[in-house]
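To start, the structure itself, in structure tokens.
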Amino acid sequence: MAGMLLAACGRSETTASTAPGGGGPRIVCTVPAATLNLVRIGAVDSLVGVSKFDTIFLPEAKQNLPVVGDYGSLNYERLVELKPSVVVIQTAEPRIPARLKDLAAQQHFEIINVKLENTSDLWDMVQTLGKISGHASDAETAVAGAKQELANIAEQYKDQKHPRVVYVISDSLMIVGGETILNEMLMMAGGTNAGAEVGNGFPTISMETLVKLNPDVLLIGKPDEPPQRKGMSDPRLDNWMRLDVPAVRNKHVYLVTDGDIHMASVQLPRHVRMLAELIHK
Amino acid sequence: MTKSPGHQITRSLNLQMWSVWVLPAVAVFFLCMMVASEVKGVGFYWPAENVRQFRVDRVLGAAVVGFALAAAGVTLQALLRNPLADPYILGISSGSSVGVMAWLLLSVTWKGDGWIRWLLKQGQIGPAVAGAVITCLLVFALARPRKGSGGMDRLTLLLVGVVVSAINGAVLMVLNWLAPAGVKADLISYMMGSIEKNVTPLTFWLAVTVIVLGYLPILLSGRALNIGSLSDVEATSMGVNVAKLRTLCFISASVMTGAAIILSGPIGFVGLICPHITRGLVGADHRKLTVAAPFCGAIFLMLADTLVRGTSGCFSLGELPVGVVTALCGGPFFLILLHNRRGGGL
């Protein structure tokens with residue numbers, strides 16, 4: 001049983017899993033970020049089931065993959081029908097459903113429980129996904145390339161000022177705090193995440209606290225919305241323009257509309273570069 | 001044309017109540033204005049110019065929402081002759097939330113621009129009020145007794161309210177399920193109820209206008225509500241058109257609830273607690289209650305919201321939604337009321 005329950009921390013013994021009846025790996029992935037990474041490393045053919053949030057990452061030919069649930073609940077009947085060799089989940093270790101563990105023992109599939117709290121976890125996850133899908137070298141290449149690109153960005157911005165950035169991710173004033181991948185991304189982009197002064201995770205603040213954080217750059221997350229137009233006169237920025245902070249006075253308020261930015265993947269350098277360009281505009 | 005003595009007494013009582021309740025409400029407003037929202041820790045000082053407007057928005061927003069919910073609560077309790085009635089318990093708040101969330105979902109999925117985008121951004125008040133009015137009429141219609149079977153049963157009404165509220169809750173879950181991953185946080189946060197909703201000034205003043213328009217008929221119906229609290233036969237024999245009074249006040253209460261929901265999301269129990277507190281202070285005369293209860297609601301919600309705002313710097317996760325605080329106060333209060341009315345046992 002213990003061997004079937006692996007945290008995605010680069011376990012060296014993890015190898016390409018094959019279905020009980022032979023053939024290639026059959027992966028059921030319930031973690032959108034993991035699905036996106038499987039697609040990015042070219043392992044999409046290994047996928048036999050996904051979560052309801054994953055179809056947007058899938059190519060046209062794979063749009064009809066069966067949906068087995070989400071991070072909160074699984075359709076066990078469908079899971080069994082899919083005869084997976086690996087099931088990828090993301091949950092706290094004690095919260096892994098006993099039923100899933102029992103099923104894994106009966107049906108002989110592995111459970112890969114991924115952890116995504118920082119970029120180190122992300123690289124470990126990609127490498128683990130590479131191994132279980134038979135794309136280890138593709139994963140290694142993607143990770144090495146991403147790390148190199150991040151080093152290039154760091155080099156490019158190392159001598160520049162590190163402006164104070166607040167990244168608001170929802171209209172209810174939820175911001176990016178410390179100890180998150182987005183916090184790391186802001187720092188890699190050459191900014192100082194002022195939101196980390198409030199707390200870790202994604203704290204909710206008031207407009208008054210936002211003023212007191214005194215950001216030089218204000219990023220407003222609007223995933224999947226149309227890109228910012230007309231500079232600062234985009235009507236979606238109207239409410240933010242009331243803030244008396246350097247970001248508004250110097251017109252450094254930007255909408256972040258990239259739908260994938262909140263999804264940790266090997267595309268991270270592209271997102272970090274985009275953030276860096278906004279932060280240092 | 002001369003006014004009747006009844007109208008003169010009502011006007012005199014209203015003026016007395018206004019003078020008694022406006023002063024503490026203003027005092028609490030300034031007290032709340034002194035409480036700062038710090039990045040770390042707590043602060044008590046008059047706000048600097050760059051944050052003053054946000055603190056005014058916040059405290060004023062809490063006052064307006066509290067005022068509207070308590071006014072709706074006292075009206076519903078009078079009309080339904082039921083001290084347990086409240087827009088939250090009767091499902092009116094959740095009906096309004098369904099309208100708002102459906103609208104929100106439509107606005108995030110609409111990719112176009114132009115006047116439709118503007119309408120989707122500014123026009124939330126329409127579905128909020130419509131959701132509240134439809135739910136109110138539905139609850140009232142379902143709980144209405146058959147002809148000849150006596151008056152409306154209090155517990156039946158509550159049960160219908162609870163069931164309709166549960167149905168609305170299910171619809172809200174479906175809407176949340178349909179929502180793209182990027183907006184789920186917004187929807188969940190909305191449902192927890194908080195004053196800091198980052199609404200546009202236009203939406204805020206539109207909601208205030210709707211609340212004032214909804215409140216005026218209630219303010220002018222104090223005497224009729226006193227008579228309407230009697231049985232339908234008694235009220236009719238005393239010259240009150242019960243059907244007209246009910247329709248007018250139900251719509252007013254729903255409209256006010258819908259407008260408040262826009263500013264805060266569903267905040268529970270304000271409409272239950274505050275009428276009871278004021279009834280203890282000024283008695284059961286609705287000419288007094290329709291003034292006192294809304295101000296009590298304003299004071300209560302200003303204090304509750306200032307508590308969560310002022311202590312936000314003490315928690316690494318930021319602010320606790322004010323709806324949680326009012327539910328923690330209101331839930332036990334409701335159970336005590338229910339316990340007392342049932343003669344000691346639930």
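Just checking, which of B:Leu245, B:Leu213 is over 15 Å from B:Leu60 (Cα atoms), without any contact (Cβ under 8 Å) to a residue 60 or more places away in the chain and in a helix (DSSP H, G or I)? Break it down into steps so the answer makes sense when it comes.
On the way: B:Leu245 fails: without any contact (Cβ under 8 Å) to a residue 60 or more places away in the chain.
One residue alone meets the criteria, B:Leu213.
Please determine, by comparing only the residues of segment B:155-177 that are within 14 Å of chain A (Cβ to nearest Cβ) and modelled with pLDDT of 85 or more, which one is surrounded by the most Cβ atoms within 10 Å (Cβ to Cβ).
Checked segment B:155-177; the qualifying residue surrounded by the most Cβ atoms within 10 Å (Cβ to Cβ) is B:Asn176.
Filter segment B:1-41 down to the residues that are hydrophobic (A, V, I, L, M, F, W, C) and over 29 Å from the mean Cα position of the chain (by Cα), then identify the one that is modelled with the highest pLDDT.
By that ranking, first place goes to B:Val39.
Counting just the residues of segment A:211-220 that are more than 8 Å from chain B (Cβ to nearest Cβ) and closer than 27 Å to B:Val322 by Cβ, which one comes out surrounded by the fewest Cβ atoms within 10 Å (Cβ to Cβ)?
Out of the qualifying residues, it is A:Asn214.
Conditions (1) buried (at least 20 other Cβ atoms within 10 Å of the Cβ); (2) touching a residue at least 40 places away in the same chain (Cβ under 8 Å); (3) closer than 16 Å to A:Ser265 by Cα, marked per residue:
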position	(1), (2), (3)
A:Val126	yes, yes, yes
A:Gly130	yes, yes, yes
A:Ala144	no, no, yes
A:Glu155	no, no, no
A:Lys158	no, no, no
A:Val166	yes, yes, no
A:Ser172	yes, no, no
A:Gly177	yes, no, no
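Which residues, taken from segment A:134-183, are within 14 Å of another protein chain (Cβ to nearest Cβ) and either touching a Cys at 6+ places or on another chain (Cβ under 6 Å) or within 22 Å of A:Trp123 (Cα to Cα) (or both)?
A:Val176, A:Gly177, A:Gly178, A:Glu179, A:Thr180, A:Leu182, A:Asn183
Kindly indicate whether A:Lys52 is assigned to a loop (DSSP other than H, G, I, E, B), within 22 Å of A:Lys147 (Cα to Cα) and in contact with a strand residue (DSSP E or B) (Cβ under 8 Å, 6 or more places away or on another chain).
Values: assigned to a loop (DSSP other than H, G, I, E, B): yes; within 22 Å of A:Lys147 (Cα to Cα): no; in contact with a strand residue (DSSP E or B) (Cβ under 8 Å, 6 or more places away or on another chain): yes.
Criteria not met by A:Lys52.
Return a yes/no flag: does segment A:187-199 have any residue that is under 21 Å from the mean Cα position of the chain (by Cα), in a strand (DSSP E or B) and either closer than 25 Å to B:Tyr45 by Cα or aliphatic (A, V, I, L, M) (or both).
The answer is no; no qualifying residue exists.
Is it the case that some residue within segment B:292-310 is without any contact (Cβ under 8 Å) to a residue 24 or more places away in the chain and either within 20 Å of B:Ala78 (Cβ to Cβ) or over 15 Å from the mean Cα position of the chain (by Cα) (or both)?
yes
Just need a number here: residues in segment B:37-91 that are free of Cβ contacts under 8 Å to residues at least 60 places away in the same chain and assigned to a loop (DSSP other than H, G, I, E, B).
Total satisfying the criteria: 4.
Residues that are crowded, with 19+ Cβ neighbours inside 10 Å, part of a helix (DSSP H, G or I) and touching a residue at least 24 places away in the same chain (Cβ under 8 Å): does segment A:243-250 have at least one? Step through it out loud before you land on a result.
Within segment A:243-250, the first condition is being crowded, with 19+ Cβ neighbours inside 10 Å, and the residues that meet it are A:243, A:245, A:247.
Right, trim to part of a helix (DSSP H, G or I) and you get A:247.
So of that shortlist, the ones also touching a residue at least 24 places away in the same chain (Cβ under 8 Å) come out as A:247.
So far as segment A:243-250 goes, yes, one or more of its residues are crowded, with 19+ Cβ neighbours inside 10 Å, part of a helix (DSSP H, G or I) and touching a residue at least 24 places away in the same chain (Cβ under 8 Å).
Spot the failing condition for B:Gly297; the list is (1) surrounded by 24 or more Cβ atoms within 10 Å (Cβ to Cβ); (2) modelled with pLDDT of 90 or more; (3) within 14 Å of another protein chain (Cβ to nearest Cβ), and only one is missed.
The number of the failed condition is (3).
Quick one: in segment A:196-210, which of the residues that are closer than 21 Å to B:Ile195 by Cβ and more than 7 Å from chain B (Cβ to nearest Cβ) is surrounded by the most Cβ atoms within 10 Å (Cβ to Cβ)?
Taking segment A:196-210 and keeping what is closer than 21 Å to B:Ile195 by Cβ, we get A:198-199, A:202-210.
After this cut, where a residue has to be more than 7 Å from chain B (Cβ to nearest Cβ) as well, the list is A:202, A:210.
On the way: A:Phe202: 20, A:Leu210: 28.
Only one residue tops the list, namely A:Leu210.
Report the residue count in segment A:200-215 for those that are assigned to a loop (DSSP other than H, G, I, E, B) and over 21 Å from the mean Cα position of the chain (by Cα).
Selection size over segment A:200-215: 4.
The values are calculated or read from the model by the stated rules, or taken from the named source; none is laboratory data. Computed from a predicted structure; not experimentally measured. Here the Cβ is made from the backbone with ideal geometry for all residues, glycine too, and neighbour counts use every protein chain on show.
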